[in-house]
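This report concerns only the one structure given below.
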Amino acid sequence: MKSMRGAVFSVAMLLLLSGAVVAQSHAKTRRASAAAICGNPHVTCKTSVTFQPYDLPFRVPANAVILDTELFYVVILKSVPSNNDSCDVFIPETERLAAQALFPDRKVFSSRCIDPENLFYLDETVKTRVKNISETHRIMAVYAGTTLADAKRVLETVKATGKFPGANIRRIRTGFNGT
């Protein structure tokens, strides 16, 4: 009887420990969720970092080092060529602010050079940086939401201003590497 209780105890311990190992290994491989965009400049963004006025802010948890956002749509308003190592070429803040005045409830943002302290913007339609969202171009864009339907409505609004004839929709993500 004693050996039977010992065997049952051993099996129970084995099951308990294997369950803990499975749960532990599952926890290690669990991927962090993507950060949410704060697309309305009138709504406070609950984030642990300070963004530049020209950045598209998103929710960054405390102690985050490398973080990507959820996918979202933008309407590219303007794109300018630049050498990939030049931080001197970008769309002036006065132009961004003028565009922001046209779309007060949607954040207008612009990219800067590819540098660790700056955000990066990746075009997800082709899974890489593309001509107007690359190291060789700087963009100015307006946040257009998380659905293509929203983006199409924003594009119509942009085109109605007559100020951005080459405006186009892109599905992108942003993020930073704070290491």
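The values are calculated or read from the model by the stated rules, or taken from the named source; none is laboratory data. Just so it is clear, the model here is predicted, and its values are computed rather than measured. Please note: Cβ atoms are built from the backbone with ideal geometry, for glycine as well, and neighbour counts cover all protein chains shown. Ligands, DNA and RNA are stripped out before the accessible areas are found, and what is left, the full protein with its side chains, is counted by its heavy atoms. Shrake-Rupley method; radii C 1.70, N 1.55, O 1.52, S 1.80 Å.
When ligands, DNA and RNA are left out and all protein chains stay put, how many square angstrom of accessible area per residue does segment 134-174 have with a 1.4 Å probe?
Details: 1960 Å² over 41 residues.
Ligands and nucleic acids excluded, the result is 48 Å² per residue.
Compare F120, F103 by solvent-accessible area with a 1.4 Å probe and give them largest first, with all protein chains kept in place. Intermediate results must be reported in sequence, preceding the final value.
On the way: F120 40, F103 15 Å².
I get F120, F103, largest accessible area first.
Taking 0.36 nm per residue of separation and subtracting the Cα-Cα distance, what length does fully extending L148 through N177 add?
Gain on extension, L148 to N177, equals 7.7 nm.
State, to one decimal in nm, how far the label point of N83 lies from the label point of T44, with both points 7 Å from Cα in the Cβ direction.
Once both label points are built, they end up 4.4 nm from each other.
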